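Enquirer: Sending over a structure as structure tokens; questions will come in a sec.
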Amino acid sequence: MRKYIIPLLCYSVIILILVNINDITDFLAKTISSNSVLTIAKGNDYTKDYDFLFVKNSKDYTPYSYDDLIDILYSVINQGWEEFTFYCPSEYTDCIKDAAKLSKDELNLTHINNFVHPYNSFDTLQTSITESGEITINIVYLYEEAEIKEINDYVDNVIKNLYKEKDDDFENLKRIHDYIINNTKYDIARNDNGESEYKSFNAFGPAIEGYATCNGYADLMAIILSKLNYQNYKVATTSDEISYESNGHIWNALKIDDTWLHLDLTWDDPVSSDGKDYLYHKYFLVTTEEMLEADSGNVKIEEHNFNKSIYQEFKITSEN
């Protein structure tokens, strides 16, 4: 009799395991995840070591809220990592749902991308999420190493020839602002039909080819500002904030003497109907109020209607 009992017990255990295999593997995965030790690599040369009001560098990469997920995502991009895995803690019951929501929020991802150094901005970002709460981020970055080298050579040359230690921020940045505009044309073809022979959508266009859209202007200026140790990011108005047909707009923000100011190369380099080249300073180191004043006139302009809940440094400035 005993020889039949043992096999029956074994079969019963096997059947029990098979019936509950999903629950068991989920439990094991959660147990493993909760005890996992994250491997935190060092950030690359373009990592920003300062925080913003909307996004901050994560301390331990364990999320307990939606805002923590945003900070972790920003931190991973900001560090220049190509892949990173972190885990949802049991205390954060909506972690998986919130992570899935953030991964599909292309608008928010675009805004987050504006706070990192252009060389660390992503071209594509994919997030995989398991039922146990293991979250893996895979990033393909916008710039190739060969492009970075050429742009850096250009930036070093610009700073060497135009930035003078004896001059103040206004004078130095004005020379750089004017130099870029005088040596760059707006890429009308890419703006009109989305296609162009130039890489005008990033810093390579204005730096090497002499053509740019607003993205290219903003990236090049952001690279220069970071090289000169100015705290900065890019500000974007999306089509959602504009009442008429528009693809949106992007420009630079930087901090000088504890004050955040706008700098818009694109709008200081207007496309003219007479074919002549013009250079303005209407959008050079201006407050939000001054920028909107420059927008005022007979034609309704909404390209600078940015979201102050994202770019919060200017919300604080305007309230003061």
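Enquirer: Which of the listed residues, S243, F52, N215, is farthest toward the dipole's positive end in the chain, when Lys, Arg count +1 and Asp, Glu count -1 at the beta-carbon?
Expert: In the chain, that residue is F52.
Enquirer: Moving on to the next point. Using 1/(1 + (r/R0)^6) with R0 = 41 angstrom and r between the beta carbons of A41 and E293, what's the FRET efficiency to the nearest 0.05?
Expert: So, using R0 = 41 Å, E works out to roughly 0.35.
Enquirer: If you roll a 1.4 Å probe over the chain with all protein chains in place, what percent of the accessible area is carbon or sulfur?
Expert: On the way: 8880 of 17530 Å².
Reported share for carbon and sulfur atoms: 51 percent.
Enquirer: In a Gaussian network model over the chain where Cα atoms closer than 10 Å are linked, find which of A236, A222, A100 has the largest mean-square fluctuation.
Expert: In the Gaussian network model the winner is A100.
Enquirer: Got a sec? Charge dipole of the chain, +1 on Cβ for Lys and Arg, -1 for Asp and Glu; which of T93, I72, S103 is way out at the positive end?
Expert: T93
Enquirer: Show me the helices of the chain, taken as full DSSP H stretches, that run 24 Å or more along their long axis by Cα and average 0.0 or above in Kyte-Doolittle hydropathy.
Expert: Qualifying helices, which must be both long enough and hydrophobic enough, are 2-19.
Enquirer: Let me ask something additional. Dipole of the chain (Lys/Arg Cβ +1, Asp/Glu Cβ -1, origin at the Cα centre): which of T266, L225, N161 lies farthest to the positive side?
Expert: The Cα lying farthest towards the positive end belongs to L225.
Enquirer: Report the calculated FRET efficiency for I188 and S239 (r = Cβ-Cβ distance, R0 = 22 Å), to the nearest 0.05. Walk me through the numbers on the way to the answer.
Expert: Working: r = 19 Å, r/R0 = 0.88.
That gives a FRET efficiency of 0.70.
Enquirer: Something else now. Describe numerically, in nm with one decimal, the distance between label points set 7 Å from Cα along Cα→Cβ at E91 and at S309.
Expert: Simple spin-label model gives 2.6 nm for this pair.
Enquirer: Another question about this same structure. Work out the FRET efficiency for Y179 and Y64 from their Cβ-Cβ distance, taking R0 = 41 Å, and round it to the nearest 0.05. Please report the intermediate quantities before stating the final value.
Expert: Details: r = 47 Å, r/R0 = 1.15.
Rounded to the nearest 0.05, the efficiency is 0.30.
Enquirer: Using the heavy atoms of the protein chains and a 1.4 angstrom probe, tell me the accessible area per residue for the chain in square angstrom. Don't skip to the answer; put the middle values down first.
Expert: Numbers: 17530 Å² over 320 residues.
In whole numbers, the chain has 55 Å² accessible per residue.
Enquirer: How many angstrom lie between the Cα centre of region 234-292 and the Cα centre of region 145-179?
Expert: First find each Cα centre; the distance between them is then 20 Å.
Enquirer: Please state the relative contact order of the chain as a whole percent: Cα pairs under 8 Å, 6+ residues apart?
Expert: On the way: 472 pairs, mean separation 37.8, N = 320.
RCO, the chain: 12 percent.
Enquirer: Another question, then. Mind checking the full-extension length gain between Y163 and K282? Use 0.36 nm per residue of separation minus the Cα-Cα distance, one decimal, nm.
Expert: Result: 40.7 nm gained on full extension.
Enquirer: Further, regarding this structure: Kirkwood hydrodynamic radius of region 188-320 from all distinct Cα pairs, in Å? Walk me through the numbers before you get to the answer.
Expert: Values: mean 1/r = 0.0642 Å⁻¹.
Final number for the Kirkwood radius of region 188-320 is 15.6 Å.
Enquirer: Turning to a different aspect of this structure: What is the Cα convex hull volume of region 105-173 when expressed per residue in Å³? Can you show the working numbers first?
Expert: On the way: hull volume 8.8 nm³, N = 69.
Hull volume normalised by residue count: 127 Å³.
Enquirer: For every helix of n ≥ 4 consecutive DSSP H residues, a contribution of -39,500 (n - 2.57) applies; sum these over the chain, divide by its total residues, and give [θ] at 222 nm rounded to the nearest 500 deg cm²/dmol. Before the final figure, lay out each step's value.
Expert: Numbers: 11 runs with 132 residues, N = 320.
Estimated from H runs of four or more residues: -13000 deg cm²/dmol.
Enquirer: At 25 °C and 0.890 mPa s, what whole-number value in µm²/s does Stokes-Einstein give for the translational diffusion of the chain, with Rh from the Kirkwood sum over Cα pairs? Write out the running numbers ahead of the final one.
Expert: Numbers: Rh = 22.2 Å.
Estimated diffusion coefficient is 111 µm²/s.
Enquirer: Note down the relative contact order for region 91-247 as a percent, whole number, built from C-alpha pairs under 8 angstrom at least six residues apart.
Expert: Values: 172 pairs, mean separation 27.8, N = 157.
Once divided by the residue count of region 91-247, the mean separation gives 18 percent.
Enquirer: So if I place +1 on the C-beta of Lys and Arg and -1 on the C-beta of Asp and Glu, and nothing else carries charge, what would the dipole magnitude of region 181-302 be about its Cα centre? I want it in debye, nearest 20. Kindly include the intermediate steps, with their values, before the conclusion.
Expert: Numbers: 9 positive and 21 negative charges, 79 e Å.
The dipole magnitude comes to about 380 debye.
Enquirer: Please state the charge dipole magnitude for the chain, taken about the Cα centre, from unit charges on C-beta atoms (+1 on K and R, -1 on D and E), reported in debye and rounded to the nearest 20. Don't jump to the answer; show the numbers that get you there.
Expert: On the way: 27 positive and 55 negative charges, 251 e Å.
Dipole about the Cα centre, nearest 20: 1200 debye.
The values are calculated or read from the model by the stated rules, or taken from the named source; none is laboratory data. From a predicted model like this one, the values you see are computed outputs, not experimental measurements. Virtual Cβ from ideal backbone geometry, glycine too; neighbours counted across all protein chains shown. Keep in mind that these areas ignore ligands, DNA and RNA; they rest on the heavy atoms of the full protein, side chains included. Shrake-Rupley method; radii C 1.70, N 1.55, O 1.52, S 1.80 Å.
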